[in-house]
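The next block holds one structure in the form of C-alpha cells; read it before the comments.
None of the figures in this text is laboratory data; all of them are computed from the coordinates on show. Small disclaimer: the values here were computed from a predicted structure and weren't measured. All Cβ positions, even for glycine, are placed from backbone atoms using ideal geometry, and neighbour counts span all protein chains on display.
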Amino acid sequence: MSGFKNFILRGNLVELAVAVIMGTAFAAVVTAFTGMLLSAVTRLTGGKEVNFDNFAPGEVLVGPFLTALIAFLILATVIYFFVVLPYTKAKDRYFPAEEAGTPADVAVLEEIRDLLKARGGDTGTTGTPGSTV
C-alpha cells in the first residue's frame with residue numbers, strides 16, 4: 001500500500017494531472033475563441049459561412065484536413081500570444097536568470113579558499129589543516 005501511496009503522491013504525476021485538466025479547460029476556451037473568430041470571418045465575407053469540410057479538388061477530400069490545420073494554427077497562435085509569451089515575460093521579470101559566469105556555490109567555495117589563504121598565508125606546510133610536517 002505504501003508503494004501505491006508513493007506513486008499517487010509523486011510530484012510529476014500530480015503536475016501532469018493538473019496540466020491535463022488545465023489543458024482540457026483551456027481547449028474549451030480556445031474552441032469558443034475559434035468559433036468567435038470564424039463567426040467574425042463569416043460576417044466579413046458577407047454572411048457566407050467559412051467551411052472547408054466539403055472541399056475536394058480532383059475528387060480528393062482535403063477539406064477536413066484543411067479545417068483541422070486552420071483550427072490548429074488558430075490554437076497555436078492563441079496559446080503562443082496569450083499563454084507562452086506572457087508566461088515568459090513574467091518568468092523573466094519575477095525569476096530572472098542568473099548572470100553568466102561562476103555559479104553561486106563555486107563562488108562561495110572560491111571565497112572560502114581565498115579567505116583561508118589570506119588567514120594562513122603560505123607557511124610551507126602541507127597535509128591536512130592543523131598538522132605539521
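Computed over region 51-121, the range of Cα coordinates on each principal axis works out to 88, 24, 11 Å, biggest value leading. Ignoring aspartates and glutamates fewer than eight residues from LYS5 along the same chain, the ones with Cα atoms less than 18 angstrom from its Cα are GLU15. Our coupling estimate for region 64-79, obtained by passing each phi through the Karplus curve with A = 6.51, B = -1.76, C = 1.60 and θ = phi - 60°, is x, 5, 4, 4, 5, 5, 5, 4, 5, 5, 5, 4, 4, 5, 4, 4 Hz, Gly and Pro reported as x.
Among GLY35, GLY101, GLY23, the residue with the largest mean-square fluctuation in a Gaussian network model of the chain, with springs joining Cα atoms closer than 10 Å, is GLY101. Computed about the Cα centre, the dipole magnitude for region 51-121 is approximately 260 debye when only Lys and Arg (+1) and Asp and Glu (-1) carry charge, each at its Cβ.
Over all pairs of different C-alpha atoms, region 1-49 has a mean inverse distance whose reciprocal, the Kirkwood radius, equals 13.7 Å. Of all lysines in the structure, not one has an alpha carbon short of 17 Å from that of LYS117, not counting any fewer than 8 places away in one chain.
Helix 85-94 against the longest principal axis of the chain: what's the angle in degrees, Cα atoms only, rounded to the nearest 10? Once rounded, the angle reads 20 degrees.
Here the Gaussian network model covers the chain, with springs between Cα atoms less than 10 Å apart; of ALA107, ALA71, ALA25, ALA107 fluctuates the most.
For the chain, a crude dipole built from +1 on the beta carbon of Lys and Arg and -1 on the beta carbon of Asp and Glu, taken about the Cα centre, is about 380 debye to the nearest 20. Between the exposed loop cleavage positions of the chain, defined as trypsin sites (Lys or Arg not before Pro) in a non-H, G, I, E, B DSSP state with at most 14 neighbouring beta-carbon atoms within 10 angstrom, the longest gap is 49-133. Mind telling me which of VAL62, VAL106, VAL41 comes out most flexible in a GNM of the chain, alpha-carbon contacts under 10 Å? Per the Cα network of the chain with a 10 Å cutoff, VAL106 tops the list. Its DSSP H runs of at least 4 residues, each contributing -39,500 (n - 2.57), put the calculated 222 nm mean residue ellipticity of the chain at -21500 deg cm²/dmol, to the nearest 500. What separates the Cα centres of region 24-45 and region 87-104 is a distance of 35 Å.
Residues in region 33-38 carry Karplus couplings, in order, of 5, 4, x, 5, 5, 5 Hz; the curve used is 6.51 cos²θ - 1.76 cosθ + 1.60 with θ = phi - 60°, and Gly or Pro positions show x. Its Cα gyration tensor gives the chain an equivalent ellipsoid, and the semi-axes of that ellipsoid, as √(5λ) in whole Å with the largest first, are 62, 22, 15.
For PHE55, the residues 5 or more places off, or on other chains, whose built amide H falls under 5 Å of its own are GLY63.
Since only VAL78, PRO57, PHE95 are under comparison, the one whose Cα sits farthest along the positive direction of the charge dipole of the chain, derived from C-beta charges on Lys, Arg, Asp and Glu, is VAL78.
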